[in-house]
1. Is it the case that LEU230 is assigned to a helix (DSSP H, G or I), modelled with pLDDT of 90 or more and either touching a helix residue (DSSP H, G or I) at 6+ places or on another chain (Cβ under 6 Å) or not hydrophobic (A, V, I, L, M, F, W, C) (or both)?
2. Hey, any hits in the stretch 254-265 for a residue that's more than 17 Å from the chain's Cα centre (by Cα), more than 21 Å from GLY148 (Cβ to Cβ) and surrounded by 17 or more Cβ atoms within 10 Å (Cβ to Cβ)?
3. For LEU298, state whether it is modelled with pLDDT under 70 and closer than 27 Å to ALA182 by Cβ.
4. Do you know which residues across the stretch 137-149 are closer than 17 Å to PRO280 by Cα and touching a helix residue (DSSP H, G or I) at 6+ places or on another chain (Cβ under 7 Å)?
5. Considering only residues that are farther than 21 Å from THR84 by Cβ and small (Gly, Ala, Ser), look in the stretch 164-189 and name the one that is surrounded by the most Cβ atoms within 10 Å (Cβ to Cβ).
6. Considering LEU115, LEU110, LEU71, which residue is farther than 27 Å from LEU297 by Cα and either over 11 Å from the mean Cα position of the chain (by Cα) or not β-branched (Val, Ile, Thr) (or both)?
7. Pairs please, first residue from the stretch 9-23 and closer than 14 Å to VAL246 by Cα, second anywhere and among the hydroxyl-bearing types (Ser, Thr, Tyr), Cβ atoms under 7 Å, 6+ apart in sequence or on different chains.
8. Sort out which residues of the stretch 1-46 are under 14 Å from the mean Cα position of the chain (by Cα), of a type in the set (Val, Ile, Thr) and buried (at least 18 other Cβ atoms within 10 Å of the Cβ), and write them in order of number.
Amino acid sequence: MKNPHVSALAAAHGAAVLFGLTGILGALIRFDAVAITAGRAGFAATALLVLALVQRRPLLQGLGSHRAGILLVSGLLLAMHWITFFLAVKVGGVAVATLGFASFPAFIALLDVVLFGERIGRAEGTMLALVTLGLVLVTPSFDVGDQGTAGLLWGLASGLSFAGLAICNRRGNRGMDAIQVAFWQNLVVALLVLPLLGLSLAPPQVARSQATSSLVTGAAAIDWASWFWLAVLGVLCTGLAHTLFVKSLESLDARSAGMIIALEPVYAIACAWWLFGEEPSGRMLVGASLIILATVLLAMGHKASAARKRASEGMKA
């Protein structure tokens, strides 16, 4: 008999590995942020639709007006997360973008306080302090005109929107099939971003040496390699990864799942260093270590608290 908690942990770790490849693929794909988001959502929604049909999963079951509204909001948050993340990659590079995004557990804790009146415990307070110090260390410059700093700010915006998405999934999508949630959210993203594709026709002047272009290009200028990586991004790093993440939230709270997903920078920074020569400075490595340490300490704190609670309940019984 499978342990639901163990299955949820495995799903969260699988999602972390796939999410870790997102920034790498975002750098490889020579499209701009809006175009990548639209293509990613389109490929993901298509893959999830095929999977749902093969497995005969009811995509419309339980979709009342309330659930539809929640899926619309979560889809909007997902679109914001992707666009800001790929902007961070294009402007500041994979490592900076990923570290900015990795701050989202801190945003989850803050949003829980602001929106739901939850208290910040000692573990959460320590995590917030470590993340803040880590972000200060990884900031290339305190000049917002600096390209690395601009990339980090976009990464932070990505982390904030992802924190909102995690809370929305945890509190609003309970009882829904993971593939059903992922399909509708990706479809919402595709429909929301589609009207913005016109803005992608003029590639943004980013500081990266890598040129970007829109999905809508002349037939003679089709970049088949980018389309291939976009399909991989949509099917594996989105469809599968997003499904695993939503599935993990069935047994894990948003903070616990967030702690695991936040280990993504380890994979992303290592791959960016190896593939693109984005060698992190000593200061960035220290900052990254603090951010990752914060997530690990918080996860350990939650486990210890849960163990004490189970022991207390056992004594009462």
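1. On the way: assigned to a helix (DSSP H, G or I): yes; modelled with pLDDT of 90 or more: yes; either touching a helix residue (DSSP H, G or I) at 6+ places or on another chain (Cβ under 6 Å) or not hydrophobic (A, V, I, L, M, F, W, C) (or both): yes.
Spelling it out, LEU230 is indeed assigned to a helix (DSSP H, G or I), modelled with pLDDT of 90 or more and either touching a helix residue (DSSP H, G or I) at 6+ places or on another chain (Cβ under 6 Å) or not hydrophobic (A, V, I, L, M, F, W, C) (or both).
2. Here is the first cut: in the stretch 254-265, the ones more than 17 Å from the chain's Cα centre (by Cα) are none.
No, the stretch 254-265 has no match at all.
3. Working: modelled with pLDDT under 70: yes; closer than 27 Å to ALA182 by Cβ: yes.
Spelling it out, LEU298 is indeed modelled with pLDDT under 70 and closer than 27 Å to ALA182 by Cβ.
4. Selection gives LEU137, VAL138, THR139, PRO140, SER141, GLN147, GLY148.
5. ALA178
6. On the way: LEU115 fails: farther than 27 Å from LEU297 by Cα; LEU110 fails: farther than 27 Å from LEU297 by Cα.
Testing whether each residue is farther than 27 Å from LEU297 by Cα and either over 11 Å from the mean Cα position of the chain (by Cα) or not β-branched (Val, Ile, Thr) (or both) leaves just LEU71.
7. Every condition considered, the pairs that remain are ALA11/SER248; ALA12/SER248; ALA15/SER248.
8. THR22, ILE24, THR37
The values are calculated or read from the model by the stated rules, or taken from the named source; none is laboratory data. All of these numbers come straight from a predicted model, not from anything done at the bench. Glycine also receives a Cβ, built like all others from the backbone with ideal geometry; neighbour counts cover every protein chain displayed.
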